[in-house]
Each structure stands twice: as structure tokens, then as C-alpha cells.
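Here the structure is laid out as C-alpha cells; the discussion comes afterwards.
The values are calculated or read from the model by the stated rules, or taken from the named source; none is laboratory data. Remember, it's a predicted structure, so these values are computed and weren't measured experimentally. Ideal geometry is used to build each Cβ from the backbone, glycine not excepted, and the neighbour counts take in all protein chains shown.
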Amino acid sequence: MNIGDRISELRTLKKLSQEDLAQKLYVSNKTISSWETNRTEPGLEAIVKLSEILDCSVVYLIYGDIPKNDIETEIKIKVSLDKFTSLDLFMQKNARFLNSSKQIDTYYQPTYRKFLKDDKNINEWLRIGIRGNKKILNYKNWYNNMYCDEYEVEIDNEENLSKIFNILGLEEIATVDKTRTTYFYLDKYEVALDYVKDLGYFIEIEVKKYDEDAVNEYYNLLKLAQKLELNLDDIDKRGYPYHLIFPAETK
């Protein structure tokens with residue numbers, strides 16, 4: 001399947017005609033037809049606009065299906081100190097300890113795209129994370145709060161990266177300071193117990209071995225959370241930065 005096939009397929013799923021899509025992109029019907037028949041390909045600017053209109057990632061449009069090692073499926077739930085302690089004891093007995101670390105994550109966004117209090121679904125995060133002596137640049141783009149594209153690379157020149165951020169118009173919006181203890185559970189899940197400064201206690205469960213597609217694995221996560229006697233109503237769909245920016249929203 002080529003990029004044109006993916007545009008056609010996603011346009012049809014969105015119930016848009018070629019004319020509808022052309023109007024949204026301010027191009028001609030012939031241009032859309034040319035893309036979808038793979039006679040020509042859209043430029044990068046058009047691909048970015050297409051990804052927004054068709055509700056998909058730029059990577060998917062260009063390359064197609066994303067390998068599982070570039071997908072993250074997880075849930076995060078806020079818990080009480082008592083529940084946090086009992087979960088830690090349970091994991092010590094029933095899971096394999098991986099590590100305990102202090103992590104500091106700094107989040108960024110474009111200056112033109114202000115973080116709004118009424119944003120119900122924050123889809124994208126760009127952050128620099130400190131992991132011991134390493135600094136990691138990480139990007140996530142979430143789909144329906146179930147799973148996300150995830151890409152990261154180690155930074156070897158933070159000064160130059162800061163210059164690039166300034167040129168691109170990226171500004172710092174929040175810094176998350178947390179202590180994390182991580183376990184490997186059922187030979188499939190990474191369970192992280194987080195104490196986040198100014199926010200409290202959380203458990204984050206991430207799929208590390210995929211036996212099914214990302215959507216089904218998400219529902220398996222929900223079943224696991226119920227077995228661990230976690231309240232699914234407390235699933236956090238906003239992320240730590242949101243709660244630091246708008247502390248009144250934090251339970």
C-alpha cells in the first residue's frame with residue numbers, strides 16, 4: 001500500500017469526498033486524485049495537514065504500519081499512599097524488580113499552541129528526560145488515550161538542541177520530578193510505581209510484549225488493573241504536566 005492508497009482509505013473512513021478533502025487543503029480535486037492514484041505525492045507541508053484532517057500520524061501516512069517497538073500502550077492511575085504501598089509489596093513478591101530511579105522530565109510545546117485548561121484530550125508530548133547520566137529526547141502522539149507512537153533519541157549536545165528549540169518556537173511548559181520503582185510482571189508488563197513531587201502517587205502499567213494489536217492490548221490492561229483492584233475511574237488521561245500547570249484539577 002502506497003501513500004496514495006492510505007490517503008484514499010482514510011478519506012473514505014472519514015466519509016469525505018475528494019472534493020471535501022480538496023477544500024480543506026485548499027487544493028484542486030485533480031491534486032487529490034493524483035495523490036490517490038500515486039501519480040504524484042504530497043509535499044511535507046501537505047502531509048502534515050493531511051495527518052491532522054485524517055486523524056493519523058505523519059509516520060503512518062509516509063511509511064504505513066508502525067512496528068510495535070515504536071508503539072506504547074499503557075495506563076496510568078492515581079492511587080492513595082496505602083494502595084501504593086500495598087502494590088509495592090505485592091510486586092516485590094510476585095514480579096521481577098528492574099530498578100529504582102529519580103527522573104526529571106521537562107516538557108515543551110510550540111509557542112503558538114497554548115496549553116488550555118479545557119483541553120480534554122492532550123494528544124502530543126515532547127520532552128527531555130534525565131535518566132542517570134543520560135538525557136533523552138522523547139516524542140509521543142496518543143490515539144484515543146489507548147496507545148501512542150513513541151520515538152526517542154539520546155541527546156549529546158543539549159546546548160545545540162536548546163538553540164534548535166528556540167528557532168522552532170518551542171517553549172518549556174512544565175518539569176515533572178518523580179521517583180520511580182519499576183517491576184516486570186507476568187513476563188509481559190512493566191509496572192512503574194511513581195511518586196511525583198506536588199502530585200502524589202501513581203501506578204503506570206505498560207505492555208512490553210505484544211500478543212495482540214494495540215487496541216486489544218489496551219483492554220487487556222484494563223482487565224489487569226481490575227485484578228489489581230485499581231479503580232478504572234481514576235485512570236489519568238491528561239498526564240503529569242497538565243496537573244502541574246493546572247493544580248486545581250488534580251484530585
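Descriptive notes on the structure:
- Region 22-44, subset of a type in the set (A, V, I, L, M) and in a helix (DSSP H, G or I), residue nearest to Asp5 (Cα to Cα): Ile32
- The lone exception for Lys188 - which of (1) under 18 Å from the mean Cα position of the chain (by Cα); (2) among the charged types (D, E, K, R); (3) closer than 15 Å to Lys223 by Cα it fails: (1)
- Exactly one residue out of Tyr195, Tyr189 is without any contact (Cβ under 8 Å) to a residue 40 or more places away in the chain, of a type outside the set (Lys, Arg) and touching a strand residue (DSSP E or B) at 6+ places or on another chain (Cβ under 7 Å), and it is Tyr189.
- Among residues of region 193-251, those that are in a helix (DSSP H, G or I) and among the aromatic types (Phe, Trp, Tyr), counted: 4
- Matching residues, region 198-221, being exposed (fewer than 13 other Cβ atoms within 10 Å of the Cβ) and more than 18 Å from the chain's Cα centre (by Cα): Asp198, Asp211, Glu212
- Of the set (1) under 19 Å from Ile71 (Cβ atoms); (2) aliphatic (A, V, I, L, M); (3) under 18 Å from the mean Cα position of the chain (by Cα), all apply to Leu224 but (3).
- Residue in region 241-249 that is buried (at least 18 other Cβ atoms within 10 Å of the Cβ) and under 16 Å from the mean Cα position of the chain (by Cα) present: yes
- Among residues of region 61-86 that are closer than 13 Å to Val191 by Cα, those with a beta-carbon under 6 Å from a residue that is at pLDDT below 90 and surrounded by 13 or more Cβ atoms within 10 Å (Cβ to Cβ) at least six positions away or on a different chain give the pairs Thr73/Tyr147; Thr73/Ala214; Thr73/Glu217; Thr73/Tyr218.
- Selection within region 45-82 - assigned to a strand (DSSP E or B) and at pLDDT below 75: Ile71
- For region 193-224, residues that are of a type in the set (Lys, Arg) and under 22 Å from Tyr240 (Cα atoms) total 2.
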